[in-house]
Amino acid sequence: MSGVRRVPNDPQRRERILDAALDVIAGHGVHKVTHRRVAEHAGVPLGSLTYYFDGLEDIFEQAFTRLSESMSQSYRAALESARDQDEACEVVADLICGQEYISRRELSLIIEMYSYAQYNRAVAAVARRWLFRSKDSLSLHFPEPACRALDAFIEGWPMHRAFEGTSLDRETVLATVRAIARNVR
């Protein structure tokens, strides 16, 4: 059969596995993820996981990379839409208060990623790259010290919202964002 080129019969399998891994992590936590659970959720044979990945650590690293890149793109696009710093403050308030940027599922995944990153260098590097991308996006409108403060604020307040079970007052958030933008230089 020389000259015959095989075409994968399931070219999206690897991506489905990563998406399934994120679903399982969000639903059960990293500590409850197994190859079998991911394979079942992805609807693929168990052997597919070892075909595409070196193990669960590799799956976690690539799944968290997929998450961080996807969220970074929407974060960047939102900040690029602002024409000036005032509009950027509005965008940041929307990111913090809205469900569009960070859903409950995504927040669970971020918490799991940060927790796992404490014990895994590769995932720690994924988290670090994400922080740098976030600050780079914020730097479109804010000086570096403000970027650092805003990035921590953007991540922290949604966590408070989730754990307190209360919605955020957008006006308070916006006033805080503006104060950081004006005063942290």
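Of the residues Lys32, Lys135, the one with the fewest other Cβ atoms within 10 Å heads the list, and the complete ranking is Lys32, Lys135.
The phi-based Karplus calculation (6.51 cos²θ - 1.76 cosθ + 1.60; θ = phi - 60°) puts the 3J(HN,Hα) values of region 169-185 at 7, 4, 5, 5, 4, 4, 4, 5, 4, 5, 5, 5, 4, 7, 10, 9, 10 Hz, whole numbers, x for Gly and Pro. Here Met113, Met159 are placed in order of increasing Cβ neighbour count within 10 Å, fewest first, which gives Met159, Met113. Note on Gln118 and Ala77: the model spin-label points, each 7 Å out from Cα along the C-beta direction, lie 3.4 nm apart. Based on alpha-carbon atoms, the Kirkwood radius and the radius of gyration of the chain give Rg/Rh equal to 1.07.
Take the Cα of Leu56, step 7 Å toward its Cβ, do the same at Arg182, and the gap between the two points is 5.1 nm. In plain terms, the residue of Asp19, Asp54 with the fewest other Cβ atoms within 10 Å comes first and the most crowded comes last, giving Asp54, Asp19.
When every alpha-carbon pair in region 87-185 is counted, what percent end up more than 23 Å apart? Percent of Cα pairs beyond 23 Å in region 87-185: 27. The string of couplings for region 128-142 from the Karplus curve (6.51, -1.76, 1.60, θ = phi - 60°) is 4, 4, 5, 4, 5, 5, 4, 5, 4, 5, 5, 5, 4, 9, 10 Hz, one whole number per residue in order, with x for Gly and Pro. In this simple spin-label approximation, His28 and Arg128 carry label points 7 Å from Cα along the Cα→Cβ vector, and these lie 3.1 nm apart.
Read-outs throughout are calculated quantities, based only on the coordinates presented, and are distinct from any laboratory measurement. None of the values given here were measured: they were computed from a predicted structure. Every residue, glycine as well, gets a Cβ built from its backbone with ideal geometry; the counts of neighbours run over all protein chains shown.
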